[in-house]
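A short worksheet on the structure shown next.
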Amino acid sequence: MVDKYAVIREIKQYAETNNVPIMMDDGINFLTTYILKNHVKSILEIGTAIGYSAIMMALVDVNVKITTIERDEVRYLEALKNVKLLGLEDRITLIYNDAFNVKLDDKFDLIFIDAAKAQSIKFFEMFERNLNCNGAIITDNLKFHGLVDKNDSEIKSRNLRALVRKIKDYIKFLETNEKYNTEFFDIGDGISVSIKK
């Protein structure tokens, strides 16, 4: 019998050592609590990284099934290894591809966007057709390490400024999207929950 807590500690250690961004503890607690409270059974995750959030979501309830997409081969293979270690391969389906090349017909109770921050609007618009009625789209990293609250002039790197601008555009997109009720939570690195009206 595998010690799941030991495996999760190892995954977090790997993430830290290899600079792989994974959800902060209070962010993952928020996400898993949401899944439990709202009886979420099917999840689509955009951005697997090394499988940490998919694994944490799957461990909430044995009936939860997750489809998760990752385009980075090294991270995808690491995620595959982690999912197998915990014996979750029958409940977590990993897709190695760029999310923009993936067409899915399935419907999901929850879509979790945790991939390239500059593409959040495109991900939202591309996959919202896969959302069940009353389903939710949750997005992580809306504060982007506190940079979203800073002025452009305070951010030295031009690339970083452009990325922060894209995140601000996404926040505006969520605030003005008539089809969804969106709530923002100052938890972890900033989380939004958009529920289909």
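The values are calculated or read from the model by the stated rules, or taken from the named source; none is laboratory data. Quantities reported herein were computed from a predicted structural model and do not represent experimental measurements. Don't worry about glycine lacking a Cβ; one is built from the backbone with ideal geometry, like all the others, and counts go over all protein chains shown. To get the accessible areas, we keep the full protein, side chains included, count just its heavy atoms, and leave off ligands, DNA and RNA. Shrake-Rupley method; radii C 1.70, N 1.55, O 1.52, S 1.80 Å.
Some observations on this one:
- For segment 23-55, a tally of residues being touching a Lys or Arg at 6+ places or on another chain (Cβ under 8 Å) and surrounded by fewer than 20 Cβ atoms within 10 Å (Cβ to Cβ) returns 2.
- Selected residue (only one of 95, 111, 69 is within 16 Å of residue 23 (Cβ to Cβ) and either out of contact with any Pro (no Cβ under 6 Å at 6 or more places or on another chain) or not aromatic (Phe, Trp, Tyr) (or both)): 111
- Residue satisfying all of: in segment 56-103; out of contact with any Lys or Arg (no Cβ under 7 Å at 6 or more places or on another chain), buried (at least 18 other Cβ atoms within 10 Å of the Cβ) and among the basic types (Lys, Arg); nearest to residue 30 (Cα to Cα) among these: 75
- Which numbered condition residue 157 fails, given (1) at pLDDT 95 or above; (2) open to solvent by 30 Å² or more (accessible area, probe 1.4 Å): (1)
- Segment 104-118, residues that are in contact (Cβ under 8 Å) with a residue 40 or more places away in the chain and open to solvent by 50 Å² or more (accessible area, probe 1.4 Å): 106, 107
- So residue 105, is it more than 22 Å from residue 49 (Cβ to Cβ) and assigned to a loop (DSSP other than H, G, I, E, B): yes
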